[in-house]
Amino acid sequence: MPVIPAHLTRNGGMPPARELERRLLSGETLLAESDDHLLEVVGILESYGEVLDAYSINLIFQAERQFLNPFPLFKYLNGDPSPARIWRNLNHDRINFEYAEYCMKTMLWHGTGGLDAYLDSEAFAASCTAIIARKRRRDPLLALLDPLFPAFLPELIRTAATTHALGQFWRVMSDLFLDLARAERDGSVRSIAAVVDFIQAGLVAAAAEPITYAVELDGERFWVLPPEAGLTFLMDVAVPYVEAVFLRGTPFFGTVSFNAQAQQISPDQSRFAYGALFADPLPTMGAGIPPSLLMQDMYRHLPAALHAWYLQRSRGEGDIRVKICCSFQKSMFCVTNAAINGMMPHPLASTDPAHQAANHAHVQAWADRLVSSRTDCLAAAPMPGMPAMTVPAAESSSPALA
């Protein structure tokens, strides 16, 4: 069994799949309406937007300026290898770009969606061949490696393409979350429903934005993700990102056994449930927990109001990164809610039976997927001093740290 049984880490009741369906089909939000939830979600998304801005800049820098660099020692410096910058980097006075790479590798490994399909195409293989041929002319190390390991350089180019695509995706999401915070301060966003609608509108507006990527070698431009590939923001990057990072994820060391005989990790990647919507916040900042890097980054950018709110609860500063993780999960349910609504086949108000059936099938698939996630965080927080509801172990089969 997991190190921490799942039922011991729940903070309240978990709505059944049919209740999740009802909320989505009736236009309700998954996350309950409350002033605290609004403060948490908007505040944490503002912090997340600042962090994603840095992640996006660095990922695009790596893909464009560190392309096929066998020893990218300064890849986190964004082209500024000054002594002061290196010193801050060594002292960890910086953004943890390792988490951005973790998300990229998770997307690369799970390989879902249109981006991965293009990376398996003959057109991409032809682009790799042309790029490698040009790169080998002036790089003796790559000229030596390519004949010995013919799949090595194409895999590095595949990694660079995923890195750049994720950087473009996060560029859009960073701007969206920072715009949300400004809208809340202006008074145009005053509820969780308004938050979901704002995010949905942003996703829909960016849905058809093209995802392209080119590198320059010896003064010549080579396309890695050309416009002709027809890759777009929503279906080819956003949806695979949700699948890989929000839902599937990867198991964390120290939380489940990696021993094949223990059979704690499914051999089927499609059944993985270790993503952001399934994770137990309690082990945050523990060894081997990659999202701890993100929680630290968001801690450095917390809005003052949210920071003060955290200090008034539980252990104050002592468990603040765990509380950040809890708020982050709530915000990601809002983002998921917006994505589900945005991909609804037909308007919810439609009276056409065929439209209603299509909407129901869409919502049912999502509800069945989310029912074992951390839906205990969706209810409004209990009043101080009130005990949290307990959930019998039989009601949840997900690992304690997903």
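Tell me, please, whether a residue that is in contact with a helix residue (DSSP H, G or I) (Cβ under 7 Å, 6 or more places away or on another chain), at pLDDT 95 or above, farther than 28 Å from residue 56 by Cα and surrounded by fewer than 19 Cβ atoms within 10 Å (Cβ to Cβ) can be found in the range 301-309.
Here is the first cut: in the range 301-309, the residues in contact with a helix residue (DSSP H, G or I) (Cβ under 7 Å, 6 or more places away or on another chain) are 301-303, 305-306, 309.
Those still in the list that are at pLDDT 95 or above too: 301-303, 305-306, 309.
Cutting the leftovers down to farther than 28 Å from residue 56 by Cα gives us 309.
Right, trim to surrounded by fewer than 19 Cβ atoms within 10 Å (Cβ to Cβ) and you get 309.
Yes - at least one qualifying residue is present in the range 301-309.
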*May I ask you to list the residues in the range 253-292 that are buried (at least 18 other Cβ atoms within 10 Å of the Cβ) and either of a type in the set (Gly, Ala, Ser) or in a helix (DSSP H, G or I) (or both)?*
273, 275, 276, 279, 291, 292
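Suppose we filter the range 10-61 for residues that are outside any helix (DSSP H, G or I) and of a type in the set (A, V, I, L, M, F, W, C); how many remain? Steps first, answer last, please.
Going through the range 10-61, the residues outside any helix (DSSP H, G or I) turn out to be 10-16, 26-34.
Checking which are of a type in the set (A, V, I, L, M, F, W, C) leaves us with 14, 30-32.
Within the range 10-61, residues that are outside any helix (DSSP H, G or I) and of a type in the set (A, V, I, L, M, F, W, C) number 4.
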*Among the residues of the range 104-125, write down those that are β-branched (Val, Ile, Thr) and either over 16 Å from the mean Cα position of the chain (by Cα) or assigned to a helix (DSSP H, G or I) (or both).*
106
*Starting from the range 119-136, keep only residues that are of a type in the set (Ser, Thr, Tyr), then list their pairs with residues that are assigned to a helix (DSSP H, G or I) and surrounded by 13 or more Cβ atoms within 10 Å (Cβ to Cβ) whose Cβ atoms are within a distance under 9 Å, requiring at least 6 positions of separation or different chains.*
121/229; 127/157; 129/154
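Of these, 139, 179, which one is in contact with a Gly (Cβ under 9 Å, 6 or more places away or on another chain), among the acidic types (Asp, Glu) and at negative phi?
On the way: 139 fails: in contact with a Gly (Cβ under 9 Å, 6 or more places away or on another chain).
Being in contact with a Gly (Cβ under 9 Å, 6 or more places away or on another chain), among the acidic types (Asp, Glu) and at negative phi holds for just one of 139, 179, which is 179.
From the residues in the range 69-103 that are in a loop (DSSP other than H, G, I, E, B) and small (Gly, Ala, Ser), which one is farthest from residue 154 (Cα to Cα)? Reasoning before the result, please.
Initially, the range 69-103 is screened for residues in a loop (DSSP other than H, G, I, E, B), giving 69-82, 91-96.
From what is left, the residues that are small (Gly, Ala, Ser) are 79, 82.
Details: 79: 25, 82: 32 Å.
My answer is 82.
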_Residue count, the range 201-250 (criterion: assigned to a loop (DSSP other than H, G, I, E, B), modelled with pLDDT of 95 or more and either touching a Cys at 6+ places or on another chain (Cβ under 8 Å) or closer than 21 Å to residue 131 by Cβ (or both))_ = 5
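So that you can scan it fast, the table gives a plain yes or no per residue for (1) surrounded by fewer than 17 Cβ atoms within 10 Å (Cβ to Cβ); (2) in a helix (DSSP H, G or I); (3) not basic (Lys, Arg):
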{"site": "295", "(1), (2), (3)": "no, yes, yes"}
{"site": "320", "(1), (2), (3)": "no, yes, yes"}
{"site": "323", "(1), (2), (3)": "no, yes, no"}
{"site": "327", "(1), (2), (3)": "no, yes, yes"}
{"site": "336", "(1), (2), (3)": "no, yes, yes"}
{"site": "340", "(1), (2), (3)": "no, yes, yes"}
{"site": "347", "(1), (2), (3)": "yes, no, yes"}
{"site": "354", "(1), (2), (3)": "yes, yes, yes"}
{"site": "364", "(1), (2), (3)": "yes, yes, yes"}
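Here's the yes/no breakdown for (1) in contact with a strand residue (DSSP E or B) (Cβ under 9 Å, 6 or more places away or on another chain); (2) at pLDDT below 95; (3) among the hydrophobic types (A, V, I, L, M, F, W, C):
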residue	(1), (2), (3)
1	no, yes, yes
12	no, yes, no
26	no, no, no
32	no, no, yes
55	no, no, no
89	no, yes, no
96	no, no, no
102	no, no, no
107	no, no, yes
*Do you know which of the residues in the range 171-197 that are assigned to a helix (DSSP H, G or I) and free of Cβ contacts under 8 Å to residues at least 40 places away in the same chain is nearest to the chain's Cα centre (by Cα)?*
179
*residue 129 fails exactly one of the following numbered conditions: (1) more than 19 Å from residue 63 (Cα to Cα); (2) among the polar types (S, T, N, Q); (3) out of contact with any Asp or Glu (no Cβ under 7 Å at 6 or more places or on another chain). What is the number of that condition?*
(1)
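The values are calculated or read from the model by the stated rules, or taken from the named source; none is laboratory data. Values in this document were obtained by computation on a predicted structure and should not be read as measured data. Cβ: placed from backbone, ideal geometry, glycine included. Neighbour counts: every protein chain shown.
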